[in-house]
Amino acid sequence: MRLSNASIAAGSTAILGTALVWRQFQERQAAERMAAAALESLLRAIDANDPDTGIHVRRVAEFALVLAEEAGLSRRVRRSILRVALFHDVGKIHEALFDIIHDVKHLTPAERRAVTTHPRRGADVLQPLAGFYPDLQQGVLAHHERWNGSGYPRGLKGQRIPLAARVIAIADTFDAVTHRRQYSDGRSVEVARQILLEGRGTEFDPDLIDIFLLPPVWDRVLATYRRVSRWREPFASRRPGRRETNVPDIIFRWRPGRREGRAQREPGRPHRATR
């Protein structure tokens, strides 16, 4: 049976179309690998330039993941929250801000205004990766927004604040209160609890605060606090291949995970209170 010219042409077009789709798929995979590698390199740069910030963002990530899990958020959303937590302070790795944050015990009003530029600086750093992680840039930009609209840099209010940023705000505050920093001394977990409670509905998402302070969840937070508070070794002194028992290395997955059957749930809906 002889094929017509039209059939041959249609078959050739189909083959070329399949080859083009396959090539685009491969190019996309390569780009995703490079984006993930860029995140790993950026996190290592944070560790090398500012070990204090490197260990701070990892602690914040641990507290944020406890809250995200207990709020019943999907795996995809938890991964997004992890990325935002790890890079929320990347904007502080800036010459002018670095000197203020690390060399000044008590900040002047002008110095505080300078520090408030770090969310936008961080978002600018991450802008080249926005095509792969659009939620990362937006979460970093918004992590100092406040539930009542009094935050910065854009004065977002309520659920207009990205969910990841709302989670990070709570985890970041808990860590900032309980761990010593250049311009503040670490205080007790009970002081941190009271500060979070006082900020319910003004600084912080009230539903997320309610989950974070539930007794079973709070117990998980305290267990995590005891574990991460033992992380002492400066990240800059670590060597590849060295056996580590307490501080995690971070590897970003470039390959997308399986689709989840359930959609993201907002706080306030049923959630798990225990593991």
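The values are calculated or read from the model by the stated rules, or taken from the named source; none is laboratory data. Being a predicted model, the structure only gives us computed values, none of them experimental. For neighbour counting, all protein chains shown are included, and Cβ atoms are generated from backbone atoms with ideal geometry for every residue, glycine included.
The table below gives the values:
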quantity: Subset of the range 147-166 (residues that are crowded, with 21+ Cβ neighbours inside 10 Å and either over 16 Å from Val115 (Cβ atoms) or touching a strand residue (DSSP E or B) at 6+ places or on another chain (Cβ under 8 Å) (or both)); calculated: Trp147, Ile161, Pro162, Leu163, Ala164, Ala165, Arg166
quantity: Checking Gly11 against (1) at pLDDT 85 or above; (2) over 19 Å from Tyr133 (Cα atoms), the condition it does not meet; calculated: (1)
quantity: Residue in the range 222-231 that is of a type in the set (A, V, I, L, M), at pLDDT 95 or above, part of a helix (DSSP H, G or I) and on the phi < 0 side of the Ramachandran plot present; calculated: yes
quantity: Residue within the range 118-128 that is buried (at least 23 other Cβ atoms within 10 Å of the Cβ) and of a type in the set (A, V, I, L, M) present; calculated: yes
quantity: Pairs where the first residue, in the range 125-137, is within 19 Å of Ile168 (Cβ to Cβ) and the second is surrounded by 16 or more Cβ atoms within 10 Å (Cβ to Cβ) and at pLDDT below 90, C-beta under 6 Å, 6+ apart; calculated: Leu129/Ala35
quantity: From Arg160, Arg193, Arg187, Arg200, residue being over 22 Å from Gln138 (Cα atoms) and either modelled with pLDDT under 95 or within 19 Å of the chain's Cα centre (by Cα) (or both); calculated: Arg187
